[in-house]
Amino acid sequence: MIWNKLKNEFIDIIEWIDSSNDTMVYRFERYQNEIKNGAKLTVRPGQAAVFINEGKIADVFREGMYTLNTENLPILATLKGWKYGFNSPFKAEVYFVKTTEFVNLGWGTQNPIPKRDPEFGMVRLRAFGTYQIKISDPGLFIEKIVGTDGNFTQEQITGQLRSIVLTRFSDSLGELQMPMLDLITQYDEVSKAVQTKIKPEFDEYGIELTKFLVNNITPPKEVEEIMDKRTSMGIVGNMQQYTQFQAANAMEAAAKNPGGDAGAGIGMGMGFAMAGQMAQSMNPLNQQNQANQAGNQAVPPPLTPVSFHIALNGQQAGPFDMNTISNMVKSGQLNGDTLVWKQGMAGWEKASTVSEISALLNQVPPPVPPPIV
């Protein structure tokens, strides 16, 4: 005890060499917390040194080497009332704070998070990921979190941070108003939204949330099965092509096994026939063609009546249907030299050259010849 006290009065070097990966705050132990005037303070990269006097945060030193005196301990000097400097050892607690990033901190939902989805209804989602933090305000971190703990580790705070993450993640899922299928394909957007929501709460503890990642969002098993079925139907797509593909594979397998069971071949043939019927029934184009064929057989299209215009005495007359034309032929009002025209003809033609009327002309008997004397 006496030797430690005498040693302190000769030299005082304050430093911390971190030999662990998870220590966040380390209290530098000195004999009765006495620090010699002119002591050397070394703050290495990724560290900060916080001086505490009687439970109050005093001075904070960042990376560098310092000789401790009233000039670089202004707050502590004010608290001590050293108006004219000090020459004797003084008491203060020194905490070294690790300011580098703590990476690969995991988070995950212990219980599924319910979410109302427009397509699948109420679903329960699980999620997990990682985040990274660093201590941005060492004094605030010690005041809010560490207290008087002389060796504060990462494990002591990750549980509290994880609770904040899970609570705010659940809130964000509801606020995003994104369908489930969009959530599980847009991890980057979801991660940024959740990080924005969580960051202010971490700042209150002197902690900066440098990165937040959603690695996976998993729907319930039942929803996954439905999605798999939809995917399978989309892959099958054209049932006819799928059936042909299956048939080609079966034929290849049969060629490799020519001595196979004949019954298996019969069953295979029946399967192909059934698959072909299914392909035809599931193909919308085949269904439409079948419907059109059935409709054509049930109701034949109506026949358009044929009608002719006739040139009588240099004037156009008509149109007349074939029944009227027949009567005009019988009465002699229309003969083979009469000009006629109907829809679709290039011009007027003699009745004898038009097939519909020439047939009627041939039915009229020629004039009775004069009697023989």
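The values are calculated or read from the model by the stated rules, or taken from the named source; none is laboratory data. Quick caveat: nothing in here was measured; it's all calculated off a predicted structure. In this analysis, Cβ positions are derived from the backbone assuming ideal geometry, glycine residues included, and neighbour counts consider all displayed protein chains.
Pick out the one residue from Met65, Met24 that is at pLDDT 85 or above, outside the structural domain of Lys144 (by TED's automatic domain parsing) and within 22 Å of Glu155 (Cα to Cα).
Matching residue, one of Met65, Met24: Met24.
Considering only the range 47-64, I want to know if a residue exists there that is in a loop (DSSP other than H, G, I, E, B) and basic (Lys, Arg). Please lay out each step first, then the result.
First, pick out the residues of the range 47-64 that are in a loop (DSSP other than H, G, I, E, B): 54-55, 62-63.
Filter again for basic (Lys, Arg), leaving 62.
Yes, the range 47-64 has at least one match.
Does any residue of the range 112-119 turn out to be within 27 Å of Thr210 (Cα to Cα) and out of contact with any Lys or Arg (no Cβ under 8 Å at 6 or more places or on another chain)?
Checking the range 112-119: not a single residue is within 27 Å of Thr210 (Cα to Cα) and out of contact with any Lys or Arg (no Cβ under 8 Å at 6 or more places or on another chain).
Mind listing whichever residues of the range 30-76 are of a type in the set (Lys, Arg) and closer than 14 Å to Ile14 by Cα?
Of the range 30-76, the ones of a type in the set (Lys, Arg) are 30, 36, 40, 44, 56, 62.
Hits for the range 30-76 are Arg30, Lys36, Lys40, Arg44, Arg62.
Any residue at all in the range 31-46 that's touching a Leu at 6+ places or on another chain (Cβ under 7 Å), assigned to a strand (DSSP E or B), over 24 Å from Glu155 (Cβ atoms) and touching a residue at least 24 places away in the same chain (Cβ under 8 Å)?
yes
Are any of the residues in the range 184-195 crowded, with 17+ Cβ neighbours inside 10 Å and more than 17 Å from the chain's Cα centre (by Cα)?
First pass over the range 184-195, keeping only residues crowded, with 17+ Cβ neighbours inside 10 Å: 184, 190-191, 193-195.
Next, only the ones that are more than 17 Å from the chain's Cα centre (by Cα) stay: 195.
Yes: the range 184-195 contains one or more residues that are crowded, with 17+ Cβ neighbours inside 10 Å and more than 17 Å from the chain's Cα centre (by Cα).
In the range 38-48, what count of residues is obtained for those that are surrounded by 16 or more Cβ atoms within 10 Å (Cβ to Cβ) and over 46 Å from the mean Cα position of the chain (by Cα)?
Result for the range 38-48: 4.
So which residues in the range 139-165 are under 40 Å from the mean Cα position of the chain (by Cα), assigned to a helix (DSSP H, G or I) and surrounded by 12 or more Cβ atoms within 10 Å (Cβ to Cβ), if there are any at all? Explain how you work it out, then say what you get.
Just the residues of the range 139-165 that are under 40 Å from the mean Cα position of the chain (by Cα), to begin with: 140-141, 144-145, 153-165.
Imposing the further condition that a residue be assigned to a helix (DSSP H, G or I) reduces the set to 140-141, 144-145, 155-165.
Leu140, Phe141, Lys144, Ile145, Gln156, Ile157, Thr158, Leu161, Arg162, Ile164, Val165 - these are the residues of the range 139-165 that are under 40 Å from the mean Cα position of the chain (by Cα), assigned to a helix (DSSP H, G or I) and surrounded by 12 or more Cβ atoms within 10 Å (Cβ to Cβ).
Can you list residue pairs whose Cβ atoms sit under 6 Å apart, with the first residue in the range 125-137 being among the acidic types (Asp, Glu) and the second being not in a strand (DSSP E or B)? Count only pairs 6 or more apart in sequence or on different chains.
Listed by first residue and then by second, the contacts come to Asp137/Gly206.
Taking the criterion of being over 47 Å from the mean Cα position of the chain (by Cα) and surrounded by 12 or more Cβ atoms within 10 Å (Cβ to Cβ), would at least one residue in the range 95-116 satisfy it? Write out each step before concluding.
Residues of the range 95-116 over 47 Å from the mean Cα position of the chain (by Cα): none.
Scanning the range 95-116 turns up no residue that is over 47 Å from the mean Cα position of the chain (by Cα) and surrounded by 12 or more Cβ atoms within 10 Å (Cβ to Cβ).
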